[in-house]
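*Asks:* Before I ask anything, here is the structure I am working with.
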Amino acid sequence: MLYPIELLARESVVYEVFLSEFDPRSRKIMEPRFEQFIRERQYLTNVTPATIEWYRRCLKWLPSECPGQADLVAVVVRMREKGLTAAGANSVVRCINAYLHWTTGSERKCGAGCIHPRVQRLREPHLVMPTFSDVQVKRLLAWKAKGKYQRRLQLLVLLLLDTGCRISEALSLRVCDVDMDNLLLTLDGKGRKQRVVPFSFELRKVLFRYIGEFARKPECLLFACRSETTWSRRNALRDVKALCKDLGFVPPRRTLHAFRHSFAVNYLRRGGSVFHLQKVLGHSSLEMTRRYANLVTADLQAMHERVSLLSK
């Protein structure tokens, strides 16, 4: 399941809408009830800083602390007019509904018995997840990087293809999180959930050369800027898209997440278990992992040729 902050960041158009709508220079003071809701979420349920920031952005859509049903309808209309997709609007809706349930003071889970105002979720289109084709993957693997920053980009691409980790997990990796002896990575996943995933011997070669040649110390970020700060997601996306164009193909939509999709499809295509894939990807439920099985279109076509009555 994608978290709200990921749903926002996965489409640059939607993200730009939020940034323009809530420019920090023009933000009004947060309403007291909103602040209380956020503080309780922060200290009682221990949500992450990214989720707290998401609460702040979502609650800015509400016109008051106690909106009526007509106000909630107007919020959805305004979000759609601003260009938010159904998925982007639904992530805001989940936050708003959580706040509206909190205002009742009820400690039970929000459900059919609740009488507080509620925003209906929009119907989302089920689109085929974007992936890199086999030809595109071969071009990425055959690319010969030169210089420190091209080598950094190459390592990022290979890491995403080899482990299927999220871009946020990759960019927060430190050298000490890489176990060269056992070929394992320790990733900080969503919701402060750490997990350990394997990587290949081929990736170890690239990691070993990169860490040694550029003197990356154990406490350093694996992918760092010149100032030794975190390489931003936006700059990484820019560089990956430019690389794809230099290699002669158009990058798939949701480019950085397409690496994860490509890893999952290849994992299943080569006989990997859905249950093992769930652990590697860090999904909390099997339902999200099962969606990747629908992407193996070429395999379905080959199977159909074998079982079709007309083929006989």
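*Asks:* Go over the candidates 138, 148, 109, 144 one by one and state the one that is touching a residue at least 40 places away in the same chain (Cβ under 8 Å), charged (D, E, K, R) and farther than 18 Å from residue 55 by Cβ.
*Replies:* Result: 148 is the single residue among 138, 148, 109, 144 that is touching a residue at least 40 places away in the same chain (Cβ under 8 Å), charged (D, E, K, R) and farther than 18 Å from residue 55 by Cβ.
*Asks:* Another question, then. Identify the single condition in (1) outside any loop (DSSP other than H, G, I, E, B); (2) touching a Leu at 6+ places or on another chain (Cβ under 6 Å) that residue 119 does not satisfy, given that it satisfies every other one.
*Replies:* Residue 119 satisfies every listed condition except (1).
*Asks:* Okay, moving on. Being closer than 25 Å to residue 189 by Cα, open to solvent by 50 Å² or more (accessible area, probe 1.4 Å) and among the acidic types (Asp, Glu) is true for just one of 124, 81, 107, 53. Which residue is that?
*Replies:* 53
*Asks:* Hey, another quick one. Report yes if residue 279 is surrounded by 13 or more Cβ atoms within 10 Å (Cβ to Cβ), among the charged types (D, E, K, R) and farther than 28 Å from residue 151 by Cβ, otherwise no.
*Replies:* Judged against the criteria, residue 279 is a match.
*Asks:* Cβ contacts < 6 Å: first residue assigned to a helix (DSSP H, G or I), restricted to the stretch 49-61; second residue not hydrophobic (A, V, I, L, M, F, W, C), any location; separation 6+ or different chain. Result?
*Replies:* From residues that are assigned to a helix (DSSP H, G or I), the pairs are 52/42; 54/4.
*Asks:* Still on this structure, please answer the following. Being open to solvent by 40 Å² or more (accessible area, probe 1.4 Å), outside any helix (DSSP H, G or I) and more than 21 Å from residue 223 (Cβ to Cβ) is the filter here, so list the residues in the stretch 235-272 that pass it.
*Replies:* 248, 250, 253, 270, 271
*Asks:* Can you name the residue in the stretch 176-191 that is surrounded by 17 or more Cβ atoms within 10 Å (Cβ to Cβ) and not in a strand (DSSP E or B) and, of all such residues, is farthest from the chain's Cα centre (by Cα)?
*Replies:* So the residue we want is 177.
*Asks:* Sticking with this one: Based on this model, can you work out whether residue 64 counts as of a type in the set (Gly, Ala, Ser) and either modelled with pLDDT of 90 or more or more than 30 Å from residue 253 (Cα to Cα) (or both)?
*Replies:* Criteria met by residue 64.
*Asks:* Still on this structure: Open to solvent by 30 Å² or more (accessible area, probe 1.4 Å), of a type outside the set (Asp, Glu) and closer than 27 Å to residue 50 by Cα, is that true of residue 163?
*Replies:* It is false that residue 163 is open to solvent by 30 Å² or more (accessible area, probe 1.4 Å), of a type outside the set (Asp, Glu) and closer than 27 Å to residue 50 by Cα.
*Asks:* Then there's this: I'd like the residue in the stretch 192-234 that is aromatic (Phe, Trp, Tyr) and farther than 13 Å from residue 175 by Cα and, out of all such residues, is surrounded by the fewest Cβ atoms within 10 Å (Cβ to Cβ).
*Replies:* Out of the qualifying residues, it is 201.
The values are calculated or read from the model by the stated rules, or taken from the named source; none is laboratory data. Note that the structure is predicted; figures quoted are calculated from it, not measured. Counting neighbours? That spans all protein chains shown, and the Cβs are built from the backbone with ideal geometry, glycine included. Each accessible area value is taken on the protein alone, full model and side chains, heavy atoms only, with ligands, DNA and RNA left out. Shrake-Rupley method; radii C 1.70, N 1.55, O 1.52, S 1.80 Å.
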